[in-house]
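Each remark here refers to the structure printed beneath this line.
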């Protein structure tokens, strides 16, 4: 084992090959199972096994993907990209869905900070909640903060929460969508002459290229090169870090996180036209930066010993169960108030556990299983998918980053 570690240590190409092939294998499994087995779960398991056997602890850094490329550069770039994909005009059309999702997350936080705290250490709740309410950025933020606070177990729990949360969300969402789908089909068949609900424009949020008025004229494609777009993003990243450090002078550990600032600047600069919508996809760099960020996440598993994993397993399960229960209760309440579908309200809130593209895949699979004609499938997709897409967009892209920035400083008060 030690000889293999030594060989890997001496060759950055071998280290890069190993981490890349593991990542690719996780994606293959996810594709084969239509995301029922998430790629992050497969990849995380393989990394843990690797760290227990032949991997050097710093294999990701040996592959050239460590600090500062992974953090802050890749993290901030991904956050700016997320901000650039937000369109206020599109989100206004689904305002009820946004309120439902925010209320669902509030229920998750409320139940975890009250009920779960009776059974789980506070540091675990603080580290685990932001990843449970969102995605990779919030998980990374909590992992980093936990390590800086000297809370190794909490840092591993943050990663494991991100890896495993989908297993709670997938089956529940599938059940809820089928309940909603059956109700919609009954309505459709009762009035077969009704026109389909055309909300497909909402789906463009993930690939938005709308014709909108810009404060800053659009740069011609022949000049808007990858290098220029990255230069603009680097400047936004510099401003984000500067403002974070500036806020620290007044707020101390409760400083405004650079990720939150980057998200806000990404939204603003995309609205005025300084950067394009979906900027990293536009310049062709999205996959590579996500690859870097994901590997940074998995590098945090190098301290995940069998004993440590066993110790955090029970707290993680308790946080997930109680958090989802809180989300269910609050989703039902707000659905009744807004007079919207209860199953759809809970399902859209659950998108915080997995985001895009599982929210799309789950909806499409449900529509396929229930519909007997292409028209019925289209009707189901038109009525369910917009809410699922917007739900994941609001929770994973926006809210979870803000929650992580609020919860991260709390880790320094628990130690």
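In segment 334-341, is there at least one residue being in contact with a helix residue (DSSP H, G or I) (Cβ under 9 Å, 6 or more places away or on another chain), within 19 Å of residue 399 (Cα to Cα), touching a residue at least 60 places away in the same chain (Cβ under 8 Å) and assigned to a helix (DSSP H, G or I)?
yes
I need the full set of residues from segment 382-410 which are surrounded by fewer than 23 Cβ atoms within 10 Å (Cβ to Cβ) and without any contact (Cβ under 8 Å) to a residue 60 or more places away in the chain, in order please.
Selection gives 406 alone.
Of the residues 391, 355, which is modelled with pLDDT under 85 and under 18 Å from the mean Cα position of the chain (by Cα)?
Unique residue meeting the criteria: 355.
Restricting to helices (runs of 4 or more DSSP H) lying wholly in segment 65-146: which have 3 or more residues that are surrounded by 20 or more Cβ atoms within 10 Å (Cβ to Cβ) and touching a helix residue (DSSP H, G or I) at 6+ places or on another chain (Cβ under 9 Å)?
Ranges flagged: 75-84, 95-114, 122-132.
State whether one or more residues within segment 6-21 are modelled with pLDDT of 85 or more, under 26 Å from residue 169 (Cβ atoms) and surrounded by fewer than 22 Cβ atoms within 10 Å (Cβ to Cβ). Spell out the reasoning first.
First, the residues of segment 6-21 that are modelled with pLDDT of 85 or more: 6-21.
If we keep only those that are under 26 Å from residue 169 (Cβ atoms) as well, we get none.
No - not one qualifying residue is present in segment 6-21.
Among the residues in segment 343-352, are any over 24 Å from the mean Cα position of the chain (by Cα), in a helix (DSSP H, G or I) and in contact (Cβ under 8 Å) with a residue 12 or more places away in the chain?
No, that holds for no residue.
Check segment 163-172 and report whether any residue there is at pLDDT 85 or above, buried (at least 22 other Cβ atoms within 10 Å of the Cβ) and within 21 Å of the chain's Cα centre (by Cα).
No, that holds for no residue.
State the number of residues belonging to segment 243-260 that are under 29 Å from residue 64 (Cα atoms) and modelled with pLDDT of 90 or more.
Qualifying residue count, segment 243-260: 3.
If you go through segment 10-51, how many residues are part of a helix (DSSP H, G or I), without any contact (Cβ under 8 Å) to a residue 12 or more places away in the chain and within 24 Å of residue 366 (Cα to Cα)?
Result for segment 10-51: 3.
How many of the residues in segment 361-381 are touching a residue at least 60 places away in the same chain (Cβ under 8 Å) and under 19 Å from residue 169 (Cβ atoms)?
7
Suppose we filter 288, 297 for residues that are under 17 Å from the mean Cα position of the chain (by Cα), surrounded by fewer than 19 Cβ atoms within 10 Å (Cβ to Cβ) and within 23 Å of residue 65 (Cβ to Cβ); which single one remains? Please lay out each step first, then the result.
Working: 297 fails: surrounded by fewer than 19 Cβ atoms within 10 Å (Cβ to Cβ).
Among 288, 297, only 288 is under 17 Å from the mean Cα position of the chain (by Cα), surrounded by fewer than 19 Cβ atoms within 10 Å (Cβ to Cβ) and within 23 Å of residue 65 (Cβ to Cβ).
Considering only segment 258-282, state which residues are surrounded by fewer than 24 Cβ atoms within 10 Å (Cβ to Cβ) and outside any helix (DSSP H, G or I).
Of everything in segment 258-282, those that are surrounded by fewer than 24 Cβ atoms within 10 Å (Cβ to Cβ) and outside any helix (DSSP H, G or I) turn out to be 273, 274, 276, 277, 278.
Scan segment 175-204 for residues that are modelled with pLDDT under 85 and either surrounded by 13 or more Cβ atoms within 10 Å (Cβ to Cβ) or closer than 20 Å to residue 351 by Cβ (or both) and jot them down.
If the condition is that a residue be modelled with pLDDT under 85 and either surrounded by 13 or more Cβ atoms within 10 Å (Cβ to Cβ) or closer than 20 Å to residue 351 by Cβ (or both), then 196, 197, 199, 200, 201, 202, 203, 204 are the ones that fit.
Could you please let me know if residue 413 is surrounded by 24 or more Cβ atoms within 10 Å (Cβ to Cβ) and assigned to a helix (DSSP H, G or I)?
Considered against the rule, which asks whether it is surrounded by 24 or more Cβ atoms within 10 Å (Cβ to Cβ) and assigned to a helix (DSSP H, G or I), residue 413 comes out as no.
Take residue 331 and decide whether it is farther than 24 Å from residue 147 by Cβ, crowded, with 22+ Cβ neighbours inside 10 Å and at pLDDT 85 or above.
Yes: the conditions hold for residue 331.
Right, residue 338: under 14 Å from residue 98 (Cα atoms), surrounded by fewer than 19 Cβ atoms within 10 Å (Cβ to Cβ) and at pLDDT 85 or above or not?
Yes, satisfied.
Can you go through 300, 326 and tell me which one is closer than 30 Å to residue 114 by Cα and modelled with pLDDT of 90 or more?
Values: 300 fails: modelled with pLDDT of 90 or more.
Every option except 326 fails the conditions.
So in segment 52-64, with the set limited to residues that are in a helix (DSSP H, G or I) and out of contact with any helix residue (DSSP H, G or I) (no Cβ under 7 Å at 6 or more places or on another chain), which one is surrounded by the fewest Cβ atoms within 10 Å (Cβ to Cβ)? Even if it seems obvious, please write down each step before you answer.
Going residue by residue through segment 52-64, those that are in a helix (DSSP H, G or I) are 52, 59-62.
Remaining after also requiring out of contact with any helix residue (DSSP H, G or I) (no Cβ under 7 Å at 6 or more places or on another chain): 52, 61.
Details: 52: 14, 61: 18.
Ranking the qualifying residues of segment 52-64, first place goes to 52.
The values are calculated or read from the model by the stated rules, or taken from the named source; none is laboratory data. Bear in mind that the values here come from a model prediction, so they are computed numbers and not experimental data. When we count neighbours, we look across all protein chains shown, and the Cβ atoms used for this are built from the backbone with ideal geometry, even at glycine.
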